[in-house]
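Asks: Quick one: structure below, then a few questions.
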Amino acid sequence: MEICLFLIGQNNDSCDALTDHDTASIHTASRGIDGLRRLVIHRAVEPASDDSVPKMPVESPHCVLQWYFDDLDLLESALQSNGAIQTVLATSIDAAWGPGAFVQQVMAVRRFATPDAGPSHKSLERCSYLVGYEGEANDFNAWLTHYMTYHPPLMAQLPGIRELEIYTRVDYRADIAWPRATAMQRNKVVFDDASALSVALASPVRALMKRDFDAFPPYSGSAPHYPMRSIYGNLLGK
């Protein structure tokens, strides 16, 4: 099973938002990381003057970096002190990154088929809707069993959906200073652009998803949803 490191940029005084130059530099420098299969950099969607883009929650991150590996050992090696990932960020970003700049979490990737994934992407920009279940279910096995059985088939019916991934927690070793996030689960649905995301969220499928959400096993905690501009890097040249 593929695994993914989330680095979630915090909105605080310890860092600045990623620039276009930062994003390109990170993608280029990451080509040499042993075992890295994909890297997606999500940046906050610019506010819209109308309702064409979902509103960002107040505490939403300014960026989210997803580093995909096939091998946990290789990811753990990249996460050691002065390892490949920390080196890439230290040498590629035109900003001051303090100890609270990111939170980190490694998760297992569960990928689901969508009716129209669209063209394969070597270098592409899309719009993602990221979800984090930050609390705890009373019975996680019951929660996950219900969720995996009923929710992905509904999510895959969203008009215009290109990708659908669900993530669950993994224990891992790391020696970087950023705090660890402990989200029980994360989700990602991907669309061509912010307008396509808005169409999907306004579709009748959303009402079916809400009905299933109301039937979830007991859960307590926040579940923030936020749209992000997603930039895919071309790692084929490494």
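Asks: What are the DSSP H helices in the chain that stretch 18 Å or more along their long axis, judged by alpha-carbon atoms, and whose average Kyte-Doolittle hydropathy comes to at least -0.5?
Replies: 140-155
Asks: Right, here's the next one. Using the Kirkwood radius over Cα pairs, work out the Stokes-Einstein diffusion coefficient for the range 100-232 at 25 °C and 0.890 mPa s, in µm²/s as a whole number.
Replies: Translational D for this selection: 154 µm²/s.
Asks: Rounded to the nearest 20 debye, what is the charge dipole size of the chain about its Cα centre when +1 sits on each Lys and Arg Cβ and -1 on each Asp and Glu Cβ?
Replies: 440 debye
Asks: Taking the number of other C-beta atoms within 10 Å as the exposure measure, put Ser230, Ser222, Ser60 in order starting with the fewest.
Replies: Final ranking by Cβ density, sparse to dense: Ser222, Ser60, Ser230.
Asks: Note down the net charge around Phe69, summing +1 for each Lys or Arg and -1 for each Asp or Glu among other residues with Cβ under 10 Å from its Cβ. Walk me through the numbers on the way to the answer.
Replies: On the way: positive: Arg37, Arg38; negative: Glu2, Asp34, Asp70, Asp71, Asp73, Glu76.
Taking every Cβ under 10 Å from that of Phe69, the sum is -4.
Asks: Considering the Cα trace of the range 3-232, what is its radius of gyration and what is Dmax, both in angstroms?
Replies: 17.3, 49
Asks: OK, next. Rank Leu154, Leu75, Leu18 by mean-square fluctuation in a GNM of the chain with C-alpha springs under 10 angstrom and give only the top-ranked residue.
Replies: Checking each option, the largest mean-square fluctuation is seen for Leu154.
Asks: Taking R0 as 30 Å, what FRET efficiency do you get between Ser81 and His21 from their Cβ-Cβ distance, rounded to the nearest 0.05?
Replies: 0.70
Asks: Taking square-rooted eigenvalues a ≥ b ≥ c of the alpha carbon gyration tensor, is the range 171-238 rounded, prolate or oblate, where a/c under 1.5 means rounded and, failing that, a/b exceeding b/c means prolate?
Replies: Oblate, because a/c is 1.5 or more while a/b does not exceed b/c.
Asks: For the pair Arg211 and Asp70, how long in nm is the line joining their label points, each one 7 Å along Cα→Cβ?
Replies: Each label point is offset 7 Å from its Cα along the Cβ direction, giving 4.2 nm.
Asks: Taking H as built 1.01 Å from N, whose amide H comes closer than 5 Å to the amide H of Arg162, not counting residues under 5 places away?
Replies: Answer set, sorted by chain and number: Val190, Phe191.
Read the figures in this text as sums done on the coordinates, not as results from a lab. The model shown is predicted, which means the values in this text are computed figures rather than measured ones. Ideal geometry is used to build each Cβ from the backbone, glycine not excepted, and the neighbour counts take in all protein chains shown.
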